[in-house]
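FYI, it's all coordinate maths here, none of it is from the lab. Please read all numbers here as calculations on a predicted model, not as lab measurements. Cβ coordinates were reconstructed from backbone atoms using ideal geometry, including for glycine residues, and neighbour counts include every protein chain displayed.
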Amino acid sequence: MLENLTEMLKGSLEGCVLEIISRKETYGYEITRQLKELGFTDVVEGTVYTILVRLEKNKLVETAKKPSDMGPPRKFFAINDAGREELRMFWMKWEFISSKINELKERNS
């Protein structure tokens, strides 16, 4: 029933990634793991990395390379002030849209 959520998620996935980053400095694989843990099983690492590149390009996050226990250094992402403002706006838009969708769903024909 909830297959192929990726299409519906496209517009909101960036906000979800920013929310995860806002909670603590983290890296791409960990973000993907958290999304999958939440039930977004269709989300792949490539999608998350594309979002991370966009967040960095738009100066919404700070990055730092840190050593990894396994393999090459990892690129960690931390939210900055511009990212916090973007996240605040995302949640405002989300509340508006979700309330209108719920209103439509509950409205009698």
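Before moving on, here are some points about what is shown:
- Scan of segment 54-109 for residues that are small (Gly, Ala, Ser) and either in a loop (DSSP other than H, G, I, E, B) or farther than 15 Å from Thr26 by Cβ (or both), ordered by number: Ser68, Gly71, Ala82, Ser98, Ser99, Ser109
- Subset of segment 19-30 that is within 22 Å of Lys93 (Cα to Cα) and either touching a Phe, Trp or Tyr at 6+ places or on another chain (Cβ under 7 Å) or of a type in the set (Val, Ile, Thr) (or both) - its residue that is surrounded by the fewest Cβ atoms within 10 Å (Cβ to Cβ): Ile20
- Residues of segment 27-43 that are outside any helix (DSSP H, G or I), β-branched (Val, Ile, Thr) and within 12 Å of the chain's Cα centre (by Cα): Val43 alone.
- Residue that is surrounded by the most Cβ atoms within 10 Å (Cβ to Cβ) [pool: residues in segment 61-82 that are over 10 Å from Val17 (Cβ atoms) and of a type in the set (A, V, I, L, M, F, W, C)]: Ile79
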